[in-house]
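The values are calculated or read from the model by the stated rules, or taken from the named source; none is laboratory data. Given the structure is predicted, the values throughout are model-derived calculations rather than measurements. Glycine also receives a Cβ, built like all others from the backbone with ideal geometry; neighbour counts cover every protein chain displayed. Side chains are part of the model used for accessible areas, which takes the heavy atoms of the whole protein and leaves out ligands, DNA and RNA. Shrake-Rupley method; radii C 1.70, N 1.55, O 1.52, S 1.80 Å.
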Amino acid sequence: MKIYKISKLKKYFYILEGRVNTIRNMGKITFLTLSDISGDIQVLIKNLFIKIKIGYLLQVHGFKKKNKKGLIIINCLKFNILAKNNLLVPDKYNLIKNKNFLYKNKYFDSITGNKLLKIYYNRIKIIKELRMYMYNKKFEEIETPILEEVKSSSEAKNFFTYCKKYNKKLYLRISPEISLKKAIVMGFKKIFEIGKNFRNESISKKHYPEFTTIEFYIVKKDYIWSMIFVEKILKSVIYKVIKKKYILYNKKKINYIKKFEVLNIKKAINKYSKYNYKEILKIKEEIIEICNDEEKNMIKNNDKDIIRYIYFDKVLSKYIIKPTFIVGFPIIYSTLAKKKNKNFSERYELYFLKKEIANGYTELNDYKEQLIRFKKQSYKDIKNINFKYINYLKYGLQNCTGCGIGIDRLIMIVSNCKDIRDTLLFNNIK
C-alpha cells in the first residue's frame, strides 16, 4: 500500500487509507490489514477497544516500524472511520472466492485484493495511450451516433429501442464504421472514435453485449498500410502500459515486440490444422455440424473458400497465440471491403492469444458494387439496406482504409485475464 508521509519527527509519521481486509484480535493488541489499489499493509493497534468490521474504510495515523520478519507495520496512534460496511461479508473461502459472486457484487473486490480494480486501471491507461497516440499522429477525434435508423448489418443482431416522437424503431449500433466513412465523404481525412458498440448475441468469456472499440479511418491508404499502422499502435500502447517486452500467458513469455506474422487462410490451415488446405473439403460434414443456418446454406453451394474460411474461423483461430495478421478473406464475408481479386477481399484480422483483436480493410467505395452486396446480404428484406449510406457513396468516397480494435480484448491480453467481464467496472447483465 502507498503510504503518505505528512511530517518528519524523530521517526516518520504516516497517514494512510484503505479497506479493512482482515482483523486479528490478540488480547490487548489488534492487527488489521488495510487494502487499496497499491497493495496491503498491516496496522497494529494497542490497548484500544475497537468496533471495526471487515470492509470498513479507515484513515490511520501512526509510525512505521518492522516486525521480526522485516515486514513493515504501521503502529497506529489514532484512526478515523471514513465509511462503514453495513453488509455481511460472505465466507472468504467460498462465496468471496467465487468468480460469479464477485461479478455480481464487485464492491467486495476491495477486500479481496483489488484484482478487478487493478485490471480496470489498465483499461484507463490503455484508452489514454490510444488516444494520445492518435493525437500525435494528427488524427482528429469525432463522435458519431449510437442510435441508428437502419440495422448495422444482417450478420449481427442489433439491440433496438423505440422513438415516440417519430413513431419509429431505432437500433443500437454494432459499429461506428458507416458513420465514420460518411464523415470521410464530408471532408475529414484522418479520424478516429473511441466508443461503445452493442450486439444482441451470445455472452461468453470473450463476448459481452456492450463493448468498446477504437476505430480509425485515413484517406489515400490501403489495408497493407493499415496493418503496419495497427502493429505500431499496439506495440507502443502495450509497452507503455506494462513496461515489458513480453506478455505472460499461461506462465509463458510471449514476445509482442517482434514483427507480427502475416498468414493467408491457406497458410494458416496448413500451419494450425492436421489437415492440409485441400483435405479440408473431406471433413465438410463435420464443419456443417458447427455452423449456423446461414452458414449451412452457404456451404450447400459447395464454395470451397467459404468452407475453408468457416473451418479457420470456428476451429483454428483458437490456436493462434503470437500476434498474427490473417488475410485472404472471401468477398462474401467482407461486405464493405474492396476486392483483391474475384474471390478475395483486401481485408485482415489480427489474432493474439486466441482472440481476434482487430479487423480492417481497404474500404469499398463503388456504390454500385456496394448496393449489390447489400442486396445479397439482406436477402428479401430490402428494409435492411442502408440507402442513405449508398447516397453518400454516390456523392464520392475517396480511397481510404479503416480498422476497428477491440479495447476490452486488448485489456484482457495486457492484464492476462480470461474473462471479458474482468475488464468492466460494472457488468449489469448477469
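The mean sequence separation of alpha-carbon pairs under 8 Å and at least six residues apart, normalised by the residue count of the chain, gives a relative contact order of 14 percent. Classify the range 282-430 from the C-alpha gyration tensor, please: rounded if a/c falls under 1.5, else prolate or oblate depending on whether a/b exceeds b/c. Judged from the Cα gyration tensor, the range 282-430 comes out oblate (a/c at least 1.5, b/c at or above a/b). Would you mind telling me which residue in Phe352, Phe13, Phe325 has the biggest mean-square fluctuation in a Gaussian network model of the chain, where springs connect alpha carbons within a distance under 10 angstrom? Evaluated over the chain, the most mobile residue of the options is Phe13. Heavy-atom surface analysis with a 1.4 Å probe gives the range 220-343 a carbon and sulfur content of 50 percent of its accessible area. Once the chain from Lys128 to Asn343 is taken as fully extended at 0.36 nm per residue, the excess over their C-alpha distance is 73.4 nm.
If you take the charge dipole of the chain about its Cα centre, with +1 on Lys and Arg Cβ and -1 on Asp and Glu Cβ, which of Ala268, Leu87, Val60 is farthest toward its positive end? Going by the Cα projections, it comes out as Val60. Rounded to the nearest 20 debye, the dipole size of the chain about its Cα centre is 2140 debye, using +1 on the Cβ of Lys and Arg and -1 on the Cβ of Asp and Glu. Across Asn276, Asn21, Asn292, mean-square fluctuation computed from a Gaussian network of the chain (C-alpha pairs under 10 Å connected) peaks at Asn292.
The stretch between Asp419 and His61, if pulled fully straight at 0.36 nm per residue, gains 125.0 nm over its current Cα-Cα span. Annotation for Ile50 and Thr112: the two label points, set 7 Å from Cα along the Cα-Cβ direction, are 2.4 nm apart. Taking the charge dipole of the chain about its Cα centre, with +1 at Lys and Arg Cβ atoms and -1 at Asp and Glu Cβ atoms, the residue from Leu130, Asn399, Val241 reaching farthest to the positive side is Val241. Of all alpha-carbon pairs in the chain, indicate the percentage at a distance above 38 angstrom. Of all Cα-Cα pairs in the chain, 36 percent lie more than 38 Å apart.
For a paramagnetic label modelled on Met26 (point 7 Å from Cα along Cα→Cβ), amide N atoms under 15 Å away belong, within the range 62-91, to 65-76. Structure note, pairs Lys221/Lys252; Lys65/Lys118; Lys205/Lys243; Lys137/Lys181; Lys128/Lys267: Cα-Cα distances above 29 angstrom occur for Lys221/Lys252; Lys128/Lys267. Just to be sure I follow the definition: excluding the sites themselves, where is the longest run in the chain that has none of the GluC sites (Glu not before Pro) in a DSSP loop with at most 11 other Cβ atoms within 10 Å? No qualifying site falls inside 156-430, the longest such stretch. Prolate is the label for the range 273-334, because the ratio a/c of its alpha-carbon gyration tensor axes (a ≥ b ≥ c) is 1.5 or higher and a/b is greater than b/c. A straight chain from Ser236 to Lys205 at 0.36 nm per residue would run longer than the Cα-Cα distance by 8.5 nm.
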